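Take a look at the structure below.
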Amino acid sequence: GTAVAFSNAGDAVIVTSSGTPYVQAYHWTSATGFGTKYSNPATLPSATALGVSFDISGASVAVAFNASPSVYVYPWNSSTGWGTKYADPSVLPSVGARDVTFSI
C-alpha cells in the first residue's frame, strides 16, 4: 500500500497501491477491523495511486496518481461504495500527483 484513508464516519477504509487496481475500499469497524471489500470503481486510476482523501462530509473521495490526469474524484456512499467518477479537471496538472486533500 502507498496511502490509507478512513472515512469520516469510521465505517470504511481506502488503500492505494502500486499494483492494479491501484485503489481498494473495505468496510471497517473498530471492533473487528477489515470487512467486506467494496466493488472496484468503474474507472480505475491508470497508474500507481499515491494519495487518497475523503472530503469533510464523507461524500467524495479523491485519489492522486502518477499519470495524467493525476487525480480522480468519486462520489462515495458507505452503503454502496464508489460512484461514477466526476469529470477530470479542465486544466490538467503537468505531472503526476503525489498526494491529495480537500479544503475545509
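The phi-based Karplus calculation (6.51 cos²θ - 1.76 cosθ + 1.60; θ = phi - 60°) puts the 3J(HN,Hα) values of the range 3-8 at 7, 9, 9, 9, 4, 4 Hz, whole numbers, x for Gly and Pro. The trypsin sites (Lys or Arg not before Pro) of the range 21-104 that DSSP puts in a loop, and whose beta carbon has at most 16 other beta carbons within 10 Å, are 85, 98.
Rolling a 1.4 Å probe over the protein heavy atoms of the chain, with every protein chain left in place, gives an accessible area that is 54 percent carbon and sulfur. Here the 3J(HN,Hα) profile of the range 34-41, calculated from phi with Karplus coefficients 6.51, -1.76 and 1.60 at θ = phi - 60°, is 5, x, 4, 6, 6, 4, 5, x Hz, Gly and Pro shown as x. For the range 61-72, the Karplus equation 6.51 cos²θ - 1.76 cosθ + 1.60, evaluated at θ = phi - 60°, returns couplings of 10, 10, 10, 9, 8, 9, 8, 5, x, 6, 8, 10 Hz by residue, with Gly and Pro reported as x. If you roll a 1.4 Å probe over the heavy atoms of the protein chains, what accessible area per residue do you get for the chain, in Å²? Roughly 54 Å² per residue, with all protein chains present.
When percent of Cα pairs over 20 Å apart is computed from the coordinates, the matching label among [x] 31; [y] 47; [z] 39 is [x].
The values are calculated or read from the model by the stated rules, or taken from the named source; none is laboratory data. Please read all numbers here as calculations on a predicted model, not as lab measurements. No Cβ is skipped: glycine too gets one built from the backbone with ideal geometry, and neighbour counts run over all protein chains shown. Ligands, DNA and RNA are excluded from the accessible area calculation, which covers all protein heavy atoms including side chains. Shrake-Rupley method; radii C 1.70, N 1.55, O 1.52, S 1.80 Å.
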